[in-house]
1. Mind listing whichever residues of segment 105-132 are modelled with pLDDT under 95 and within 33 Å of the chain's Cα centre (by Cα)?
2. State which residue pairs qualify: first residue without any contact (Cβ under 8 Å) to a residue 12 or more places away in the chain and inside segment 176-197, second residue surrounded by fewer than 16 Cβ atoms within 10 Å (Cβ to Cβ) and among the hydrophobic types (A, V, I, L, M, F, W, C) in any location, beta carbons under 7 Å apart, and separation of 6 or more residues or different chains.
3. Of the residues that make up segment 94-105, is at least one among the hydroxyl-bearing types (Ser, Thr, Tyr), in contact with a helix residue (DSSP H, G or I) (Cβ under 8 Å, 6 or more places away or on another chain) and either crowded, with 20+ Cβ neighbours inside 10 Å or within 11 Å of residue 51 (Cα to Cα) (or both)?
4. In segment 63-94, how many residues are assigned to a strand (DSSP E or B), touching a residue at least 12 places away in the same chain (Cβ under 8 Å) and not basic (Lys, Arg)?
5. Please give the number of the condition residue 247 fails out of (1) touching a Cys at 6+ places or on another chain (Cβ under 7 Å); (2) at pLDDT below 75.
6. All but one of (1) open to solvent by 10 Å² or more (accessible area, probe 1.4 Å); (2) part of a helix (DSSP H, G or I); (3) closer than 27 Å to residue 22 by Cβ hold for residue 201; state the number of the condition that does not hold.
7. Of all the residues that make up segment 141-188, how many are of a type in the set (S, T, N, Q) and in a loop (DSSP other than H, G, I, E, B)?
8. Filter segment 31-48 down to the residues that are over 15 Å from residue 129 (Cα atoms) and part of a loop (DSSP other than H, G, I, E, B), then identify the one that is most open to solvent (accessible area, probe 1.4 Å).
Amino acid sequence: MAAMGAMAALGALPAGAGALPPLPTLGVPGVPELKPLTRYEAMRLGPGWSHSCHAMLYAPNPGMLFGRIPLRYAVLMQMRFDGLLGFPGGFVDRRYWSLEDGLNRVLGLGLGCVRLTEADYLCSHLTEGPHRVVAHFYARQLTLEELHTIEISAVHSRDHGLEVMGMVRVPLYTQKDRMGGLPNFLGNSFVGTAKFQLLFALKILNMVPEEKLAEAVAATQKPKKPAIDHAAAAAAKAANELAGPARAGNEFQDSAENQAAAQAAAELAEQPAAVPESQAALEQLAAVPVAEAVAAEQPVQPRADAAAEQAVAEPME
């Protein structure tokens, strides 16, 4: 709470009231920086700027995962209607609401039982992109019991199952495989500045050491090994096993055919007399005149005039 009060006081000071300390930055490699500005500077922006307010609710958690991994803190985020992760909150119309009043109005729709004040203000950043939006971020530390009560009440809020699909807790640990826990969580898709705000709050509030944040971000940027298609590998192995006997059978058949051909060639080589007899038969056939061969193959047909004479003579008899 002391860190949040200091940030709120820093943001409330006018820009010309003495030298202000430099605004904190995230400073995590691989995460693009957003431009920080004080609350006073944000309130002086013209009417062309939109204001969004979101809140991180968290509680110290002394629990141990599997009896050996410290959970550190329970941090609440939401799964939104569009499948993106974000913090509770939304846009605030500055014509009708102060930042905190607008934020509490939106929180009442999604959570139902929490109200934030200016003391919970943490930071403001200008967002990237074509839209001129300044994102205000708040953080409130609760007890673990209070946090659990909010999780229960969120299920009965008006927006549950509509704009809010459910609350989730952020894992703040990293497992031995260097991916389980926070690195895998950071690999999800976040809306707007939510991922930056999460990392910024974890660093500023000393909830996770900066080097651990850098390691978790770096782990999400490494190319993942292609997943092994175990079903395809098993099918290929089975096909190879089935093809083995077939290949062996083909090789045996080819060998048998080759042996039969070799044996036939040897038998022909052992019968030299058969070749001259075949040659004599061919020479004898060649000596027969073509006309005789044709006559021998085709029976002689009676002439048409002889058949007519025979047909006329029979009645006359």
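The values are calculated or read from the model by the stated rules, or taken from the named source; none is laboratory data. Since this is a predicted model, take the numbers as computed values, not measurements. Cβ coordinates were reconstructed from backbone atoms using ideal geometry, including for glycine residues, and neighbour counts include every protein chain displayed. Surface areas here come from the heavy atoms of the whole protein model, side chains and all, with no ligands, DNA or RNA. Shrake-Rupley method; radii C 1.70, N 1.55, O 1.52, S 1.80 Å.
1. If the condition is that a residue be modelled with pLDDT under 95 and within 33 Å of the chain's Cα centre (by Cα), then 106, 107, 109, 110, 111, 126, 127, 128, 129, 130, 131, 132 are the ones that fit.
2. none
3. Checked against the condition, which is being among the hydroxyl-bearing types (Ser, Thr, Tyr), in contact with a helix residue (DSSP H, G or I) (Cβ under 8 Å, 6 or more places away or on another chain) and either crowded, with 20+ Cβ neighbours inside 10 Å or within 11 Å of residue 51 (Cα to Cα) (or both), segment 94-105 yields no hits at all.
4. Number satisfying all stated conditions: 17.
5. Just one mismatch for residue 247, condition (1).
6. Failing condition for residue 201: (1).
7. Qualifying residue count, segment 141-188: 4.
8. 44
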